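The values are calculated or read from the model by the stated rules, or taken from the named source; none is laboratory data. Everything numeric here is computed off the predicted structure, so don't read it as measured data. Positions of Cβ are backbone-derived with ideal geometry, glycine not excepted, and every protein chain shown enters the neighbour counts. Accessible surface areas use protein heavy atoms only, side chains included; no ligands, DNA or RNA. Shrake-Rupley method; radii C 1.70, N 1.55, O 1.52, S 1.80 Å.
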Amino acid sequence: MRRRAARIDANQPDIVAALRAAGATVISLAACGSGIPDLLVGKAGKTALVEVKDSAQPPSKRQLTPDQLKWHAEWRGGTLAVVCDVESALRVLKVMEA
């Protein structure tokens, strides 16, 4: 059975580039599906999971999917964030540094 390519939000490459420029390690988890967040982000010995939503999309398109809502509700680990732009992604790094 052939898997389809994972779709990413249009702003995800810019967000990944900004996080890396700020010294973070970033791994895309977009291909995992099942509600798992889009990015695994590491910096200063800490880890965060980041769901990327595109702020250029209408609010109805930026909602978490049912799978994402379920996954987020069941997450018992560390930092989990939803970001919609570079600024909000960089704020996640500030939270990780605290």
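Some notes on this structure:
- Fraction of accessible area attributable to carbon and sulfur, the chain (%, probe 1.4 Å): 56
- Lysines whose Cα lies under 18 Å from that of Lys46, excluding same-chain neighbours fewer than 8 positions away: Lys94
- Amide H contacts of Asp38 (H built 1.01 Å from N, under 5 Å, at least 5 apart or other chain): Val50, Glu51, Val52
- Straight-line cross-link partners of Lys43 among the aspartates and glutamates, defined as a Cα under 20 Å from its Cα and at least 8 positions apart when in the same chain: Asp14, Glu51, Asp85, Glu87, Glu97.
- Placing a pseudo-label 7 Å from each Cα along the Cα-to-Cβ vector at Ser34 and Gln63 gives an inter-label distance of 2.5 nm.
- 19 Å cut-off, amide nitrogen to a point 7 angstrom out along Ala6 Cα→Cβ, residues in the range 37-59: 37-43, 47-55
- Helix 12-21 vs. the chain, principal-axis angle (Cα, 0 to 90°, nearest 10): 20
- One compactness figure for the chain is 1.05, namely its Cα radius of gyration divided by 2.2 N^0.38 Å.
- Normalised contact order of the chain, rounded percent, pairs of Cα under 8 Å and 6 or more residues apart: 29
- Ellipsoid semi-axes for the range 10-57, based on the Cα gyration tensor and the rule √(5λ), read 18, 14, 8 Å when sorted largest first.
- Counting only protein heavy atoms and a 1.4 Å probe, the range 19-63 has 51 square angstrom of accessible area per residue.
- Segment Arg91-Asp54, length gained on full extension (0.36 nm per residue, minus Cα span): 11.7 nm
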